[in-house]
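The values are calculated or read from the model by the stated rules, or taken from the named source; none is laboratory data. Quantities reported herein were computed from a predicted structural model and do not represent experimental measurements. Please note: Cβ atoms are built from the backbone with ideal geometry, for glycine as well, and neighbour counts cover all protein chains shown. Note: accessible area is taken over every heavy atom of the protein model, side chains too, but ligands, DNA and RNA are not part of it. Shrake-Rupley method; radii C 1.70, N 1.55, O 1.52, S 1.80 Å.
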Amino acid sequence: MRYVFLTTTCLTVLAGCSQSQNDQPYQPDRYSTASNATTVADSSSAGRAPPSLAIAPTNDVAPGVNVTATPGVAFAYSYAFRLPAQNVKDAQEAHASACEKLGPQHCRITGMLYRLIGENNIVGEIRFKLDPALARAFGKIGIDAIVKADGKLVDAEITGTDAAAAIKTLDVQRQQAEAEVQRLERQLARSDLKSAERSELQRQRATIVDQLQQVKNETGNQQESLATTPVSFRYESGAAVRGFDGSAPITSAGNVFLDSAQITLGVVLTALAALAPPGVILLIGFLLWRRFRPRRAVPPGEA
């Protein structure tokens, strides 16, 4: 009976412990919670949180624009637009203003072009360096601004470079070059070197040092490509839509007719502009010659 009593007592104690543990509320792992809190704090303190971009809905989105960024891959975005000539300047200023609103820490304008080639024939370009987290959304905002300007996206290209792999390769090259420089310096520290041998070792060391500097510069370029994303917008004046699909034969024939008529009229006007002043001078000279030319005397018998 004593053994039965002890067994019953143990089971009762164990059940009570299990019940007390189950009644306690769930608490997450303190280490993972601390880690997450530290990550958020570091992100906030470093000022890396990108500002939110309000993207207006648009149906004018090219296939392949929504690219998911891959860690270690440096992307470059390029867009081309066609819109009415009178709207090119406004669209370009809208894109520049959108970049300025993000601030220089998230977006910088690195180049701009606006060129009038002919009457109602304008080409332009604007280039940016953006926070990689904002590049894709900024492209969508750029497309929306073009749609509002009665334009259309005609080309979109996104290229990527595996910068992380390049940095690893360059790091290996840097370590090898540094080891070689240290080996040459140990050789140069010897006191029994001949003048010719010392000169050769110094030449080799200078060559390796130059290569090491090139590796460091290239590493910096690769790191810069991961820190900022280049985005370019190209503009071309012209009708985005003429009423039919661009591949329709009626539209193609109409475009050829309009282009031919424009070229013919331009040639005629150019010829008139070039020949009119000499023609006017020749006409005035001819009239003056007829007015003041010496007249032949008529014999009396022929009068």
Requested in this report: Report, ordered by the first and then the second residue, all pairs with beta carbons closer than 6 Å, sequence separation of six or more or different chains, a first member in the range 192-208 that is β-branched (Val, Ile, Thr), and a second member that is assigned to a helix (DSSP H, G or I).
Outcome: ILE208/ALA177; ILE208/GLU180; ILE208/VAL181
Query raised in the report: Across the range 256-271, which residue is nearest to ALA239 (Cα to Cα) among those that are open to solvent by less than 80 Å² (accessible area, probe 1.4 Å) and either of a type in the set (A, V, I, L, M) or touching a helix residue (DSSP H, G or I) at 6+ places or on another chain (Cβ under 7 Å) (or both)?
Result: ALA261
Query raised in the report: Has the range 138-146 got any residue that is at pLDDT below 90, within 18 Å of the chain's Cα centre (by Cα), under 14 Å from ALA76 (Cβ atoms) and in a helix (DSSP H, G or I)?
Result: no
Query raised in the report: Would it be correct to say that ALA156 is open to solvent by less than 70 Å² (accessible area, probe 1.4 Å) and under 30 Å from the mean Cα position of the chain (by Cα)?
Result: yes
Query - Residue, nearest to ALA80 (Cα to Cα), within the range 157-170, restricted to residues that are touching a Ser or Thr at 6+ places or on another chain (Cβ under 7 Å) and at pLDDT 90 or above - result: GLU157
